[in-house]
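The values are calculated or read from the model by the stated rules, or taken from the named source; none is laboratory data. The structure presented is a predicted model; accordingly, all values stated were derived computationally and were not measured. Cβ sites come from the backbone with ideal geometry, for glycine too, and all protein chains shown count toward neighbours.
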There are 2 protein chains.
Amino acid sequence: MENFEFINPTRILFGKNSEEKVGEQVALHSKTILLHYGGGSIKASGLFDRVTASLKKAGVQWVELGGVQPNPRLSLVHEGVKLCKEHKLGLILAVGGGSVIDSAKAIAMGAVIEGDVWDFYLGKGEPVAALPIGTVLTIPAAGSEASTGTVITNEEGWLKRAVNSELIYPRFSILNPELAFSLPKFQVACGVTDIMAHLLERYFTNVQHVELTDRLIEATMKTLISQAPLVLQNPKDYDAWSEIMWAGTVAHNNLLNTGRVGDWASHEIEHEISGIYDIAHGAGLAVVFPAWMKYVWKHDVNRFVQWSVRVWNVEMDVFNPEAVAQAGIERMEAFFQSMGLVTRLSEMDIPADRIDEMAAKCTKSGKRSFGSFVKLGYEDVRKILNLAA
Amino acid sequence: MENFEFINPTRILFGKNSEEKVGEQVALHSKTILLHYGGGSIKASGLFDRVTASLKKAGVQWVELGGVQPNPRLSLVHEGVKLCKEHKLGLILAVGGGSVIDSAKAIAMGAVIEGDVWDFYLGKGEPVAALPIGTVLTIPAAGSEASTGTVITNEEGWLKRAVNSELIYPRFSILNPELAFSLPKFQVACGVTDIMAHLLERYFTNVQHVELTDRLIEATMKTLISQAPLVLQNPKDYDAWSEIMWAGTVAHNNLLNTGRVGDWASHEIEHEISGIYDIAHGAGLAVVFPAWMKYVWKHDVNRFVQWSVRVWNVEMDVFNPEAVAQAGIERMEAFFQSMGLVTRLSEMDIPADRIDEMAAKCTKSGKRSFGSFVKLGYEDVRKILNLAA
């Protein structure tokens with residue numbers, strides 16, 4: 001295990017009707033806020049009315065900014081920053097999924113500086129302050145409700161970049177599994193895949209002696225594998241949704257990577273695909289992850305064997321560990337497919353002749369290597385994308 | 001899963017030499033502090049010197065209060081409160097195990113009120129403020145380094161009582177597994193048992209659909225079971241100590257009981273034993289827990305079967321689940337014994353003729369029932385203690 005520092009101060013309010021507490025939570029920090037959301041679904045579902053009723057009851061006034069899209073855009077972040085400065089708003093309340101929360105985090109950092117918040121995403125300087133953020137989560141997936149991360153897409157150049165900072169841990173996040181009942185099956189599948197990816201990215205590490213976190217990650221994966229089919233079959237299965245929603249937070253709240261170094265290469269490769277094609281992040285991961293594994297498993301057969309046996313219930317075969325390792329990868333790919341996702345670029349109508357371009361973008365034309373479990377350069381990414389073709 | 005609220009804002013600094021960061025962490029909160037510890041072991045080991053060197057470097061001044069004993073006493077808490085008020089101290093730094101930290105938490109609550117902090121332990125009123133607390137942990141066991149709890153013994157009447165409050169989450173806790181290298185084997189065994197008990201108390205619940213937290217608890221138990229023999233064999237096994245120390249925090253930091261209601265009856269029964277006999281808490285738990293299980297397992301055979309199969313690797317026998325359930329209990333008792341602990345009151349020289357007295361104390365002469373998985377009254381506690389005789 002490596003030395004580590006860990007903190008996660010986000011207050012979680014979990015369960016039925018928990019959104020009724022949003023007003024009192026917000027009022028602990030500010031009485032004038034930015035209410036940030038995506039499309040019209042929260043208005044159609046009545047959630048918007050319940051949230052604003054709670055805000056009113058707590059004496060909180062708000063300025064609205066809707067319109068967050070999947071792969072949230074920098075231009076809307078700039079609008080939000082402007083509103084916060086104009087109206088001297090004291091908190092950003094994100095009502096939605098990971099995109100809305102990530103957008104809120106960007107606004108929270110941008111609202112307290114003179115310059116452009118995009119600089120932080122380019123690695124120019126680090127934030128030293130941010131407005132407080134609160135969330136009402138509607139989609140279990142990104143884990144942004146209790147994470148340090150935000151990913152924003154700059155439409156100029158279609159660049160997708162991330163910032164991580166303790167300053168943007170939400171002060172509170174409200175998780176009511178009932179809010180996920182109305183999600184389309186495709187979005188459910190993408191969300192589960194995103195959560196699974198967060199676990200895989202932590203699991204495949206070169207750090208030795210990480211017994212506890214290995215087992216905690218495996219526990220969370222097994223929960224996803226057992227519960228996802230239940231909500232796909234019955235979208236109103238509250239119990240199964242509770243497990244998935246809480247697993248989504250636990251997967252990404254930094255506890256499961258304590259003392260270990262993960263590998264985020266698959267996420268980075270996927271960002272290039274969804275940056276170009278604007279496809280759902282989870283759908284892209286279902287394509288990239290099996291291919292990444294098929295390319296890297298020989299790097300640490302034992303780790304893949306442990307994962308296959310413990311998580312996917314592959315029977316141990318001490319005489320053929322390679323087959324055990326590969327069987328786990330096959331079962332994972334079948335799991336993604338069982339949720340209705342495709343696992344090949346061609347099935348997404350992404351032609352193989354774009355692969356070189358994506359590999360170049362991901363590696364700055366071969367000038368950059370990335371990944372930790374296995375370092376990847378231009379040729380590696382090309383091969384992985386070809387395995388996904 | 002039940003509705004829940006969860007927060008844990010304690011910053012963890014984990015790993016080799018992490019105690020060197022104590023000064024800078026303390027200085028974020030106060031420059032004049034109470035330095036609280038137990039016996040002379042931290043001075044003999046050089047830890048005291050390293051901690052105070054770090055404090056000096058950060059410009060922090062301290063008042064010392066040593067002498068915390070296992071089952072920490074109210075009289076010393078009163079001394080600490082007096083020192084904090086006299087010298088206007090702004091933080092309590094606990095250097096030691098759970099007893100020192102629990103004592104520090106009591107002082108932190110007492111230092112900001114006019115009245116007696118013991119009132120909170122008697123359930124008279126709730127704390128509304130507390131001085132900040134920091135810890136340098138030397139014994140993985142109680143989990144107090146990132147918990148809301150404190151247990152104090154009042155020598156008048158030899159009463160052992162607890163308080164839980166978010167206000168006493170430590171602001172930071174420093175966990176260096178090397179500090180556990182010098183623990184005597186008996187104390188290691190007691191610590192591991194205490195951690196195991198925290199997991200068992202969360203695991204045995206009547207709440208249905210708690211898949212994720214079941215699996216997270218199982219993961220933590222399995223880690224303990226695999227790592228404890230390693231440190232007993234080689235007290236300087238840093239890797240194994242890391243797993244145990246982090247497991248001890250995770251077991252009790254409130255994440256693993258999210259959405260479920262645990263059963264703390266065994267802890268309460270043990271408090272009466274160690275209250276009277278002043279034996280180590282973990283040693284008492286190794287006696288009480290197997291007996292409690294033998295008394296309650298029929299209440300939910302399935303839960304015991306799941307635990308036996310997943311945690312203790314008992315082979316499933318669908319034709320005889322009762323045998324599977326009981327085999328798990330036997331394996332747990334054997335695990336405690338393998339660490340050198342006894343599992344019977346008689347082996348501790350506690351005579352069976354004190355059982356009625358302990359059962360009476362625990363239930364206020366039968367006027368009180370307690371426990372959640374199974375409610376226990378006077379007769380139940382008598383029977384459990386007789387199973388432990």
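Please find, within region B:263-283, the residue that is farthest from the other protein chains (Cβ to nearest Cβ) out of those that are over 14 Å from the mean Cα position of the chain (by Cα) and surrounded by fewer than 23 Cβ atoms within 10 Å (Cβ to Cβ).
Taking the candidates together, the pick is B:I276.
Based on what the data block shows, is A:T205 out of contact with any Ser or Thr (no Cβ under 9 Å at 6 or more places or on another chain), polar (S, T, N, Q) and either closer than 23 Å to A:T138 by Cβ or touching a residue at least 60 places away in the same chain (Cβ under 8 Å) (or both)?
no
In this structure, does B:F204 turn out to be outside the structural domain of B:N17 (by TED's automatic domain parsing), surrounded by 17 or more Cβ atoms within 10 Å (Cβ to Cβ) and of a type outside the set (K, R)?
Taking the combined requirement at face value, the residue satisfies it.
Output the residue which, of all residues in region B:226-251 that are free of Cβ contacts under 8 Å to residues at least 40 places away in the same chain and among the hydrophobic types (A, V, I, L, M, F, W, C), is farthest from the other protein chains (Cβ to nearest Cβ).
Going through the qualifying residues, I end up with B:L230.
Checking the structure you have, find out if any residue of region B:183-204 is within 8 Å of chain A (Cβ to nearest Cβ) and of a type in the set (A, V, I, L, M, F, W, C).
No: zero hits.
Based on this model, can you work out whether A:S308 counts as hydroxyl-bearing (S, T, Y), within 18 Å of A:M358 (Cα to Cα) and buried (at least 23 other Cβ atoms within 10 Å of the Cβ)?
no
Quick one: what pairs do we get from region A:338-355, first residue closer than 14 Å to A:A291 by Cα, second of a type in the set (K, R), C-beta under 9 Å, 6+ apart or different chains?
A:L345/A:R354; A:I355/A:R382
If I filter region B:9-42 down to residues being in contact with a Leu (Cβ under 8 Å, 6 or more places away or on another chain) and at the interface with another protein chain (Cβ under 7 Å from one of its Cβ atoms), which single residue comes out as surrounded by the fewest Cβ atoms within 10 Å (Cβ to Cβ)?
Across region B:9-42, the extreme among qualifying residues is B:G15.
Quick test of your reading of the structure: B:S75 fulfils all but one of (1) surrounded by fewer than 21 Cβ atoms within 10 Å (Cβ to Cβ); (2) in contact (Cβ under 8 Å) with a residue 60 or more places away in the chain; (3) within 20 Å of the chain's Cα centre (by Cα). Name the failing condition by number.
Every listed condition holds for B:S75 apart from (3).
For region B:45-83, how many residues meet the condition of being among the small types (G, A, S) and touching a Leu at 6+ places or on another chain (Cβ under 8 Å)?
3
Looking at region A:84-99, which of its residues are touching a helix residue (DSSP H, G or I) at 6+ places or on another chain (Cβ under 8 Å) and in a helix (DSSP H, G or I)?
Once the filter is applied, which keeps residues that are touching a helix residue (DSSP H, G or I) at 6+ places or on another chain (Cβ under 8 Å) and in a helix (DSSP H, G or I), region A:84-99 yields A:C84, A:G98.
Could you say which residue among B:G328, B:G340, B:G371 is closer than 25 Å to B:L232 by Cβ and either among the charged types (D, E, K, R) or crowded, with 19+ Cβ neighbours inside 10 Å (or both)?
B:G328
Within region A:252-262, take every residue that is more than 10 Å from chain B (Cβ to nearest Cβ) and in contact with a strand residue (DSSP E or B) (Cβ under 9 Å, 6 or more places away or on another chain) and give me the one that is farthest from A:I7 (Cα to Cα).
A:R260
Can you pull out every residue in region A:340-360 that is part of a helix (DSSP H, G or I) and among the polar types (S, T, N, Q)?
Selection gives A:S346 alone.
Consider region B:112-151. How many of its residues are over 24 Å from B:A251 (Cα atoms), crowded, with 22+ Cβ neighbours inside 10 Å and either polar (S, T, N, Q) or under 20 Å from the mean Cα position of the chain (by Cα) (or both)?
Residues meeting the conditions: 1.
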